[in-house]
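The values are calculated or read from the model by the stated rules, or taken from the named source; none is laboratory data. Given the structure is predicted, the values throughout are model-derived calculations rather than measurements. Methodologically, a virtual Cβ is constructed for each residue, glycine included, from the backbone with ideal geometry; neighbour enumeration extends over all protein chains shown. To get the accessible areas, we keep the full protein, side chains included, count just its heavy atoms, and leave off ligands, DNA and RNA. Shrake-Rupley method; radii C 1.70, N 1.55, O 1.52, S 1.80 Å.
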Amino acid sequence: MYEEIVIIELALWLGLPAWIANSTPVVFGGGAPIDRGKTLSDGRRILGDGKTLRGFIAGVLCGTLTGIVQISIAPLLLPILSNYVVVTVVMEEILLMSVPVVMLLSVGALLGDMIGSFLKRRVGLQSGGPAPVLDQLGFIIAALALASPLIQPSAIYVIVLVSVTLLAHWITNVLGYLLGLKENPW
Ligand code: CTP
Ligand code: MG
């Protein structure tokens, strides 16, 4: 029972830098687009106006700073965790992280987001147009992929992280709809 709770907690802990990196550009983004308005031979933008340098930098900085705060409190949490479960190597690796890991998670989240936009433009979707699954999961998968040379969480953490990320999107959308901020609940 405690083991399951700890796995969920650590999956969220691992996802936090990437989530912050992915959501801060909405607040701090804007300004010149990364692709500088350029189009490819298909006549469509490389990335579109939704991907700005300011957003990218803000995302990487906020995600990394979040991770640094996590790294600094992790040693205090370790003894608490070991009161409840036998702390495995993977658990300790996720809890303690490291500055390079949280940087890679943050950069990976933003790169994944850009790759998603690149693909969306190639299939003719306008900036802001919905691409189910890609929009919700692209960033988290790219974050884990980029950090994978330094941190290899076992499959259960990846499964929990992906499920919680999808669930969180769904809950925010339904809430937005119920509060009248969105036109539809998806
Ligand atoms: N944003 C930004 N820079 C980034 C990523 C996001 O400035 N690197 C800001 C933009 O204002 C963007 C908003 O955050 O409109 C929402 O981000 P996102 O949903 O990723 O972009 P979309 O506008 O939906 O564009 P796309 O279809 O390319 O994903
Ligand atoms: Mg979008």
Hull surface divided by four, with the convex hull built on the Cα atoms of the range 1-107: how many nm²? 8.5
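I need the calculated FRET efficiency for the pair L167 and R36, taking r as the beta carbon distance and R₀ as 45 Å, to the nearest 0.05.
Values: r = 37 Å, r/R0 = 0.82.
Efficiency at R0 = 45 Å is approximately 0.75.
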On alpha-carbon atoms, Rg over Rh for the chain using Kirkwood Rh? 1.02
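Determine, from the Cβ-Cβ distance of I5 and L178 and an R0 of 25 Å, the FRET efficiency 1/(1 + (r/R0)^6), rounded to the nearest 0.05. All intermediate terms of the calculation are to be shown ahead of the outcome.
On the way: r = 29 Å, r/R0 = 1.15.
Here the calculated transfer efficiency is 0.30.
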Relative to the present Cα-Cα distance, how much length would full extension add between L12 and R44 at 0.36 nm per residue of separation? 7.9 nm
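Checking a compactness column here: for the range 1-58, what do you get for Rg(Cα) / (2.2 N^0.38 Å), N being the number of residues?
Values: Rg = 17.5 Å, N = 58, 2.2 N^0.38 = 10.3 Å.
Taking the Cα Rg and dividing by 2.2 N^0.38 Å, one obtains 1.70.
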With contacts defined as alpha carbon pairs under 8 Å and 6 or more residues apart, what's the relative contact order of the range 1-120 in percent? 35
Could you tell me the largest-minus-smallest coordinate of the C-alpha atoms of the range 22-84 on each of the three principal axes, in descending order and whole angstroms? 59, 21, 13
In a shell of Cβ-Cβ distance under 13 Å around N173, excluding N173 itself, what net charge do Lys and Arg (+1) and Asp and Glu (-1) give? -1
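Can you give me the convex hull volume of the Cα atoms of the range 122-186, divided per residue and expressed in Å³? Display every interim value, and only then the final one.
Working: hull volume 6.8 nm³, N = 65.
In the range 122-186, the Cα hull volume divided by residue count equals 105 Å³.
Computing the accessible area with a 1.4 Å probe over protein heavy atoms, can you report the carbon and sulfur percentage for the range 11-127?
Working: 4250 of 5980 Å².
So the carbon and sulfur contribution to the accessible surface is 71 percent.
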Springs between alpha-carbon pairs under 10 angstrom, Gaussian network model over the chain: which of L119, L137, L14 fluctuates most? L119
Net charge of Cβ neighbours under 12 Å - reference I156; Lys, Arg +1; Asp, Glu -1: -2
